Every structure is written in C-alpha cells, then in structure tokens.
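Chemist: Please see the structure below; I have some questions.
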Amino acid sequence: KAGVTQTPRYLIKTRGQQVTLSCSPISGHRSVSWYQQTPGQGLQFLFEYFSETQRNKGNFPGRFSGRQFSNSRSEMNVSTLELGDSALYLCASSSLTSGRAGTDTQYFGPGTRLTVL
Amino acid sequence: AQSVTQLGSHVSVSEGALVLLRCNYSSSVPPYLFWYVQYPNQGLQLLLKYTSAATLVKGINGFEAEFKKSETSFHLTKPSAHMSDAAEYFCAVSGGGSTLGRLYFGRGTQLTVWP
C-alpha cells in the first residue's frame, strides 16, 4: 500500500501570497490531520477532517484553512503569508477502524517544507 | 487537557549503550500514547503505541516502552544503540472527547549515537 503523499515537497513564497498544500491519504483512510512543525513551537495541530467534515481545529488564525474531498484527499490553504508561517507542514491519515477512539495510528507523510521570504 | 513533557532535548549515547528517552504525560482521559521517530527531511514514523492492552509495549527496531500510570510516564528504551538510531524522537498522547483525532506532541528528543 502506498503511504501518505504530500505535494509539493518544497515551496518558496513571499509575504502576502497565499499557498495551497495537498495531501493524499493511504488508500481507505478517511481521516486526515494536518500539523505544523517549527523549531520554536514544535509540532502543533492545525485541523482534522473526516468524511469531508472538519471535526477538530487547533489554535491557528483564520488564515489557515483546509478541506477534504470525497476521495479523502485533503488540501490546506494559508492566505496572506507571514514570515512566521515558514515551517514543515505534515499531513497524517488514519483508518479509524480500531473501534476504540483515539487508538488508531496516524501515518504521516514526508511533509511540505514552506519557506516564506 | 492532554500534554506531554519530554525530559532532555538532546541525548547522546555510544553505540551499543542503553538508550533511554523520557516522556511524562498529563491526560484528563485514559491515555493512549505513541512514540514516533523522525529522520532528517522526513515525516514521522510510528515506533510503538500504548492502547491499554499491555503496559510493556514492543515496537520496531528493538525499541520498547513501559506505561506506568502511577508515574504518568511512558519512557522509551533500547538495550543497545545503533548508529542508525540517530534521529529525533517524539512522544505523543491522543486527544479525547472533543479533541479526538488530535495528537499532542512533546518537544522532541534528539538522539545522537557516537561510534
């Protein structure tokens, strides 16, 4: 089975621009979560989608948004980029088949490295 | 609320020595705990997870972790370090209730293995 894929792997943008990152989950996985990783703040949760619905959202400004499509693929968008948005953005997918909430493994993609100049 | 504290942002060991990476958690619900490893320029790879089946959990690459409720700890160990173990390690706890589907991560521990 193919793993979680994220495109693009690297991105350079300038302040004020917007960016869209894409994530394809493992086949059959319906839950997709997004995380931001920075040296200063570590790994922070952005949001989680299940069956095209956002179920959970982290403490990020409204400039960060996402969506999930019917095939479970997900995109996240960041508008009006700031220097502080430079980070590794990680996507993770989960099957949610264990029957016990919270125990399902999240499988991570390689990330998209965003640099804002 | 859930949170994770990893003691020691950097740990250095010699090849063949014991690896011990510390993780303490705080959780308002029964905790489900995970250890992930991250190699340079890669995503996170699951090493092992605790889901209340057994307190001693064995993972990949010879790693194991013991859940100790009385100490709210989930330390990661490996009897004999290998050069290929050099990476960053993250402990995480799963959210519950309204935060289901969310992982709360520690700040990570960078493991260096000396020859």
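The values are calculated or read from the model by the stated rules, or taken from the named source; none is laboratory data. In this text, all values refer to a predicted model and were calculated from it rather than measured experimentally. Here the Cβ positions follow ideal geometry from the backbone for every residue, glycine too, while neighbour counts run over all protein chains shown. The accessibility values were calculated without ligands, DNA or RNA, using every heavy atom of the protein model including side chains. Shrake-Rupley method; radii C 1.70, N 1.55, O 1.52, S 1.80 Å.
Chemist: Considering only segment A:101-108, I want to know if a residue exists there that is assigned to a strand (DSSP E or B), open to solvent by less than 10 Å² (accessible area, probe 1.4 Å) and in contact with a Gly (Cβ under 9 Å, 6 or more places away or on another chain).
Modeler: Checking segment A:101-108: not a single residue is assigned to a strand (DSSP E or B), open to solvent by less than 10 Å² (accessible area, probe 1.4 Å) and in contact with a Gly (Cβ under 9 Å, 6 or more places away or on another chain).
Quick grid of which residues meet (1) under 12 Å from the mean Cα position of the chain (by Cα); (2) aliphatic (A, V, I, L, M):
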| site | (1), (2) |
| --- | --- |
| B:Leu48 | yes, yes |
| B:Ser52 | no, no |
| B:Gly59 | yes, no |
| B:Phe63 | yes, no |
| B:Phe90 | yes, no |
| B:Trp114 | no, no |
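Chemist: So is A:Thr5 open to solvent by 20 Å² or more (accessible area, probe 1.4 Å), more than 28 Å from B:Thr5 (Cβ to Cβ) and free of Cβ contacts under 8 Å to residues at least 60 places away in the same chain or not?
Modeler: For A:Thr5, the condition - open to solvent by 20 Å² or more (accessible area, probe 1.4 Å), more than 28 Å from B:Thr5 (Cβ to Cβ) and free of Cβ contacts under 8 Å to residues at least 60 places away in the same chain - is not met.
Chemist: Another question about this same structure. Tell me which of these B:Thr77 doesn't satisfy, since it passes every other one: (1) buried (at least 18 other Cβ atoms within 10 Å of the Cβ); (2) under 10 Å from the mean Cα position of the chain (by Cα); (3) modelled with pLDDT of 95 or more.
Modeler: So B:Thr77 meets the others, but not (1).
Chemist: Cβ contacts < 7 Å: first residue under 17 Å from B:Tyr36 (Cβ atoms), restricted to segment B:11-25; second residue aromatic (Phe, Trp, Tyr) and not in a loop (DSSP other than H, G, I, E, B), any location; separation 6+ or different chain. Result?
Modeler: What qualifies is B:Leu21/B:Tyr89; B:Cys23/B:Phe74; B:Tyr25/B:Phe74.
Chemist: Testing B:Ala54 on (1) among the hydrophobic types (A, V, I, L, M, F, W, C); (2) closer than 22 Å to A:Phe108 by Cβ; (3) within 14 Å of another protein chain (Cβ to nearest Cβ), one condition comes back false. Which one is that?
Modeler: (2)
Chemist: Any idea which residue in segment B:10-32 is nearest to B:Thr109 (Cα to Cα), counting only those that are modelled with pLDDT of 95 or more and either open to solvent by 70 Å² or more (accessible area, probe 1.4 Å) or of a type in the set (Asp, Glu) (or both)?
Modeler: By that ranking, first place goes to B:His10.
Chemist: Within segment A:26-61, can you find the residues that are surrounded by fewer than 21 Cβ atoms within 10 Å (Cβ to Cβ), of a type in the set (Phe, Trp, Tyr) and either closer than 18 Å to B:Gly43 by Cα or touching a helix residue (DSSP H, G or I) at 6+ places or on another chain (Cβ under 7 Å) (or both)?
Modeler: Once the filter is applied, which keeps residues that are surrounded by fewer than 21 Cβ atoms within 10 Å (Cβ to Cβ), of a type in the set (Phe, Trp, Tyr) and either closer than 18 Å to B:Gly43 by Cα or touching a helix residue (DSSP H, G or I) at 6+ places or on another chain (Cβ under 7 Å) (or both), segment A:26-61 yields nothing.
Chemist: I'm trying to understand the selection: among the residues of segment B:13-35, which are under 17 Å from B:Ser73 (Cβ atoms) and either in contact with a Cys (Cβ under 6 Å, 6 or more places away or on another chain) or not in a loop (DSSP other than H, G, I, E, B) (or both)?
Modeler: B:Val19, B:Leu20, B:Leu21, B:Cys23, B:Asn24, B:Tyr25, B:Ser26, B:Leu33, B:Phe34, B:Trp35
Chemist: Can you name the strands (runs of 3 or more DSSP E) wholly within segment A:14-63 that have at least 2 residues being over 15 Å from A:Ser86 (Cβ atoms) and of a type in the set (Gly, Ala, Ser)? Spell out how you get there, then give the answer.
Modeler: Working: elements: A:19-24, A:31-38, A:42-50, A:53-57.
By residue number, A:19-24, A:31-38.
Chemist: On to the next question. For residues in segment B:89-114 being modelled with pLDDT of 95 or more and open to solvent by 50 Å² or more (accessible area, probe 1.4 Å), which is nearest to A:Ser33 (Cα to Cα)?
Modeler: B:Arg107
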